[in-house]
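For reference, the structure discussed in these notes is given below.
Read-outs throughout are calculated quantities, based only on the coordinates presented, and are distinct from any laboratory measurement. These numbers come from a predicted model, not from an experiment. For neighbour counting, all protein chains shown are included, and Cβ atoms are generated from backbone atoms with ideal geometry for every residue, glycine included.
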Amino acid sequence: MSAEKAHKLVTVVCACIRREGGRQVLLSYRRAPGVAKLDGKWELPGGKIEFGETPEQALVREIREEIGLDVRPLRLLPYLHTNVWEYEHVIQQVVLASYECEPQKGSEPQVSDDVRWFDVNEIDFDTTLPGTRDFVSLALKHDWFDKLYIHFKCVDPSVNASKEFAVAAQPTFFSNYGLVKYWGRIGSWFRNRIQEFDSPGERDAEILRTTKLRLYHGYRITKVEGQVTRFHVLGDIINLAREKDAFAEGT
């Protein structure tokens, strides 16, 4: 980034608007020619907080102006996301907060090619702006959304026995982004460890690190449960295991 450009800090609020029992989310399409990481991405609708507005007032105004929808903010989601974008004449840091929202009764969005409802289990988060998955996962809190399970197995020649290892992504008592690891020899007592993270990105990085370590030590993946569209890391794991010929037959 150029140090000669002006620096600007912007506070933005966006809305995680849900319908159909909470399993559909409204996304809008960003067009930002000249900013490759922004242009052509889907995002939660919203905008900047103007001077004198509360975050809730800004959110209601922006959603009405953008897509003609009246919303009711339900709660502020417990996460802040920060992005830095470089434009032609300015470097802009965006601090992004999100509210879980519902449409006001009788109000409908102006659905188009640039604004539409997505079934949550069909969203490809690789095509969304950073922070979108974090906010959506916090708003939903459904087990089917955040579960991932990977099972590993290898033969330990020193004792002529098989060893197993598993990682499971699941909410815990203290965190929405928990990771449980199990390991041991088949037929013996298994140990486990629970790790908790502040964001899905941190947890996914640990899943990928753990997978690389298991494959390095001769394990093969025998079972994977989860959706690539919901877990960015899952596609990387599958590709890594295939490169090392470490997918057990039938996986």
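What distance in nm separates the simple spin-label points at ASN192 and ARG64, each placed 7 Å from Cα in the Cβ direction? Between ASN192 and ARG64, the simple spin-label model gives 5.0 nm.
Sorting THR82, THR210, THR11 from the fewest to the most surrounding beta carbons within 10 angstrom yields THR82, THR11, THR210.
For the range 41-143, run through the chymotrypsin sites (Phe, Trp or Tyr not before Pro) and keep only the ones in DSSP coil with at most 14 other Cβ atoms within 10 Å of their Cβ.
Counting only loop positions with at most 14 other Cβ atoms within 10 Å, the chymotrypsin sites (Phe, Trp or Tyr not before Pro) in the range 41-143 are PHE51, TYR87.
Counted without the sites themselves, the longest stretch of the chain free of GluC sites (Glu not before Pro) in a DSSP loop having at most 14 other beta carbon atoms within 10 Å is 89-248. Beta-bridge orientation, the range 1-109: approximately 60 percent antiparallel, per DSSP, counting only bridges with both partners inside. For the range 144-243, the Cα gyration tensor yields ellipsoid semi-axes of 24, 16, 10 Å (square root of five times each eigenvalue, largest first, whole Å).
Between their Cα atoms, which of LYS5/LYS37; LYS37/LYS147; LYS37/LYS181; LYS48/LYS147; LYS41/LYS181; LYS153/LYS244 are more than 23 Å away from each other? Violating the 23 Å limit, Cα to Cα: LYS37/LYS147; LYS37/LYS181; LYS48/LYS147; LYS41/LYS181.
Ordering PHE135, THR222, LEU44 by Cα displacement along the dipole of the chain toward the positive end leaves THR222 in first place; charges were set at the Cβ atoms of Lys, Arg (+1) and Asp, Glu (-1). Footprinting exposure proxy ranking of LEU208, LEU148, fewest other C-beta atoms within 10 angstrom first, gives LEU208, LEU148.
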